Structures are given as structure tokens and as C-alpha cells.
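Data block below; observations after.
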Amino acid sequence: MEAELNALQLALATPQRPVVAIVGGSKVSSKLDLLGNLVTKVDALVIGGGMANTFLAAQGKSVGKSLCEHDLLDTARDIIAKATAANCKILLPTDVVVASELKAGAATQTVSIDAVPEDRMILDVGTDTIAHLSGWFETAKTVVWNGPLGAFEFPPFDEGTNAAAQLVAMLTRMGQLTSVAGGGDTVSALNNAGASEDFSYVSTAGGAFLEWLEGKVLPGVAALETSAR
């Protein structure tokens, strides 16, 4: 627990800057508190996975048949405004991998975010997006990662997550940045990319990791601190 708390402290409480956070996953609704907290603490926030579709739609982009929480478009706009006020750059996909069905080996097409076909689903980020994100990772000193950038469980929709994870792992190995990851599917995604061993710290705490990123007090930690006093 001490190792985990120390790692988290280095990642968000007293980080080396610039700090880039990656938040992926399917739904904005499950990570509202997380997004709201992170935009006040990091220099850039990468939003991927199904969550990105809601933010793209909030900016007037067509997302075809993709998973998208259309009832949260105003919420997404509010988060973008909060990020702007906090001088946090929101990084969304500029190109995406689309397919007509979510299954391993599905036929895919990479398109600009302005050209998503109405009958296709966005299932991964494209190569231009990864190239853009790479520039941010290469200048970062700290990376905090929660959630995949695409539907990594179904190859080839793991390529974006794999490429990003492998770059962050390499930069960590080279001593250029501190990388902390955890929560939900993150560990599985990093293992799939063969990158988890080179991250500075990978948490297996799941929900507790998320709560810490959300800025919440963890009951177990609070109890220990009270006991110590």
C-alpha cells in the first residue's frame, strides 16, 4: 500500500511536469468525477475509447453507429470548458479506425474524424492520432493512464492502445518519464501490449485507483492516518 500511495503521490500530487493523463473506456458517465478532477491537475488529457465519441459528438462531429452518450453532450462541453479554464489541453482523436461490426479480424478502414461513415462504428484511434499523441508523450515527464484507447479485446482494434503503451513503456525505460497506470481494463490492455513491465507503477487496485484519481479520500488510508495520529 505504501508503494502504491507513493507512486500515486508522484503521479498527481507532486508530479514532474508536463503531466499527460490518458483516460479511455466506454462511457463518460462512469468517469465524470475522474475527468472533472484530472483537468485541474494535468497539462494534457487524452480521451479515448467510447468516451471520445461523446466528446467528438459534443463538438458537432458525426460518429456514425458508434457507442455515444448523446444525453451527456452538454456535460462533455462543460468538461472541455473546465479544462480550458484550467489551461489543460483536451486531446481527442483526429483519425479513427471504423468497422461495421465489433469482432476480431473485422474489415476496417481508417478515416478522418470528419469523415466517419453513418453505417460504421469507431473502434480504435488511427495512426495520425498516435503520431500526434507521441509528441505529447515525448515531451511529458509524467504519464497517468486509465483505460484503453480502443476495443483492444478484439484485434486489430488493439493497435492504437498497443502503440501508445509501447511508446510510454520505452520512454519510461529510457528514464524520460514516470508512468503510473491502473483501474479497470488498463492492466489487461497494457499486458496485451507487452508494456506493463516497463511502466513505473501499475496498480491492480481497480476501483480504489479510480477513486484516488477522482480526488476522493480512501477509507483504508484515512483509517491508517487517524491511527498514526
Quiz item: Non-local amide H neighbours of Thr178 (under 5 Å, H modeled in plane, Pro and chain starts lacking H): which ones?
Solution: Thr142, Val143
Quiz item: Where does each of Val96, Val111, Val28 land when they are ranked from fewest to most other beta-carbon atoms within 10 angstrom?
Solution: Val111, Val28, Val96
Quiz item: Taking K and R as +1 and D and E as -1, what net charge do the other residues with C-beta under 12 Å from the C-beta of Ala76 add up to?
Solution: +1
Quiz prompt | Residue order, fewest to most beta carbons within 10 Å, for Trp145, Trp136 | solution = Trp136, Trp145
Quiz item: In this model, which of Lys41/Lys61; Lys61/Lys103; Lys27/Lys65; Lys41/Lys65 are farther than 22 Å apart at the alpha-carbon?
Solution: Lys41/Lys61; Lys61/Lys103; Lys41/Lys65
Self-check item: Distant-in-sequence amide H partners of Val202 (H built 1.01 Å from N, under 5 Å)
Solution: Ala181
Self-check item: Crossing angle, helix 219-228 versus the chain [Cα axis fit, 0-90 degrees, rounded to tens]
Solution: 20
Quiz item: For the charge dipole of the chain, defined by +1 on Lys and Arg C-beta atoms and -1 on Asp and Glu C-beta atoms about the Cα centroid, which residue among Cys68, Gly183, Ile79 has the Cα displaced farthest towards the positive pole?
Solution: Ile79
Practice problem: Hey, can you grab everything whose amide H is under 5 Å from the amide H of Gln109? Only 5+ residues off in sequence or another chain; H modelled, so Pro and N-termini drop out. | Solution: Val98
Quiz prompt | Backbone HN-Hα couplings from phi across the stretch 133-147 [Karplus 6.51/-1.76/1.60, Hz, Gly and Pro as x] | solution = 5, 4, x, 5, 5, 5, 9, 6, 10, 9, 10, 10, 10, 9, x
Quiz item: Once phi is turned into ³J(HN,Hα) by the Karplus curve 6.51 cos²θ - 1.76 cosθ + 1.60 with θ = phi - 60°, what whole-Hz value does each residue of the stretch 93-106 show in order, with x for glycine and proline?
Solution: x, 9, 9, 9, 9, 10, 7, 8, 8, 9, 7, 4, x, 4
Exercise. Quick one: what are the phi-derived ³J(HN,Hα) couplings along the stretch 108-122, Karplus 6.51/-1.76/1.60 with θ = phi - 60°, whole Hz, x for glycine and proline?
Key: 10, 8, 9, 9, 4, 5, 8, 9, 6, x, 5, 9, 10, 10, 7
Exercise. Whole number please: convex hull volume per residue, Cα atoms of the stretch 1-89, in Å³.
Key: 92
Self-check item: Degrees, to the nearest 10: 159-173 long Cα axis against longest axis of the chain
Solution: 30
Quiz item: Taking only Cα atoms, what is the 0 to 90° angle, nearest 10, from helix 49-58's long axis to the longest principal axis of the chain?
Solution: 70
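Just so you know, all these numbers are worked out from the coordinates, no wet-lab data involved. Note that the structure is predicted; figures quoted are calculated from it, not measured. A quick note on method: Cβ atoms are made from the backbone with ideal geometry, for glycine too, and the neighbour counts reach across all protein chains shown.
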